[in-house]
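In what follows, a structure is listed as structure tokens, so that the remarks can point back to it.
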Amino acid sequence: MRLSTDKIEISIIMPSYNAAAFIAQSITSVKEQSFRYWELIIVDDGSDDGSSDLVESFLSDPRIKLIQQDHLGAAKARNHALSVAKGAFIAFLDADDWWEPEFLKAMLTASRSSDADISYCGWQRTGLPEKLCPRYVPPDYSKEGLVEALMRENIWPIHAALTRAELIKRLGGFDETLPCCMDFDLWLRASPDIKVTLVPEVLAYYRFHGTGQITSQKARLVIVHLEVQLDFLKQHSEIAARFTPEQIEYWTWDRVRRKAYGNFWHANLDTSSQLFRYLLRRGKWRLSDLRHILFSLLPPQVQRRIPLGPSLPS
């Protein structure tokens, strides 16, 4: 049966860069959705591993479209797809992640029944030892302050949400100047005046494979996350005024400090050193940080020769 593209209700946007090893599984998880009125817009972001050839084998389904662009990054790829998307709702699925077959149906039903701008669900990481990959259903953020929850942390991953297209377009899409944290920035900008609803099931899966992912970019992720928070508070002084200086400090600069110490305790010395040096440059270090600040200024080969415990030797 040939499926019509006239009744598209959900546009699924999939940026892809050198995802040949995983993209077929991601596309298949879309094709196996019980809800059928979708389109999948795949934006190949300048891949050189044959990804686009794999995608072409799926193009016999008229709901699947392939756009090719130079390697411009995920934000530009998503915005490119948004500019041609037909659906009233938008879902995002990276080329190495996947969904349960009921994802679209459950999310759309929840969004419509509650008139929510964003529905979100539970998720699970894969690709790490089992104890590090629990199935996780987040809290119901419709019952607490969404801005405050997002200031604490990015509260759902991009592939575990369904968003009204009108909202994303009203916000101007993704910030293409950011090197990462584009989804966190989008959710935070949306948060002051939207309605969200929880689908309390694990329906989305995130693949951790360590190549080009968080492993090599931890410090940058933490710093850009902070910059997004600070910019949001600067743009929304009326929201910032609702919180105490101590709350804001805890969510922002103290978060960087906690990440710096956490990486040190796990012997991720490069990430830890980058974060302590950042605190030093920005004048946000404390006297209690001094030993770790000084350690962060040592060459890596010297750092590796110093015996480490929960803290540095006196």
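Annotations
- When you count the other C-beta atoms within 10 angstrom of each residue and take the mean per peptide, 96-104, 239-247 line up highest first as 96-104, 239-247.
- Both radii are taken from the alpha-carbon atoms of region 184-281; with Rh as the Kirkwood radius, Rg/Rh is 1.03.
- Residue-averaged [θ]222 nm for the chain, counting only DSSP H segments that reach four residues, each worth -39500 (n - 2.57): -11000 deg cm²/dmol
- Residues 169, 234, 131, sorted so that the one with the fewest Cβ neighbours within 10 Å comes first: 131, 234, 169
- Compared with the direct C-alpha span, the chain from residue 115 to residue 177 gains 19.1 nm at full extension, assuming 0.36 nm per residue.
- Fewest-first ranking of 195, 259, using other Cβ atoms within 10 Å as the exposure measure: 195, 259
- Intensity falloff of the chain expressed as log10 I(q)/I(0), Debye formula with alpha-carbon point scatterers, at q = 0.07, 0.10, 0.12 Å⁻¹: -0.31, -0.63, -0.88
- Unit charges on C-beta of K, R, D, E only; dipole of the chain, Debye: 1020
- Near-label residues of region 268-311 by backbone N, under 12 Å of a point 7 Å along Cα→Cβ of residue 230: 278-285
- Note on residue 170 and residue 266: their simple-model spin labels are 3.7 nm apart, each label 7 Å out from Cα toward Cβ.
- Other-chain or far-sequence residues with amide H under 5 Å of residue 92's (modelled H): 13, 161
- Legend: distances between Cα atoms for 143/284; 86/131; 105/169; 131/195; 65/218; 31/169; pairs beyond 31 Å are 143/284; 86/131; 131/195; 65/218.
Each reported figure results from applying straightforward, stated rules to the coordinates on display, with no laboratory input. On a predicted model such as this, the values are computed, not experimentally measured, just so you know. Neighbour counts are summed over all protein chains in view; Cβ atoms, including those assigned to glycine, are modelled from backbone coordinates with ideal geometry.
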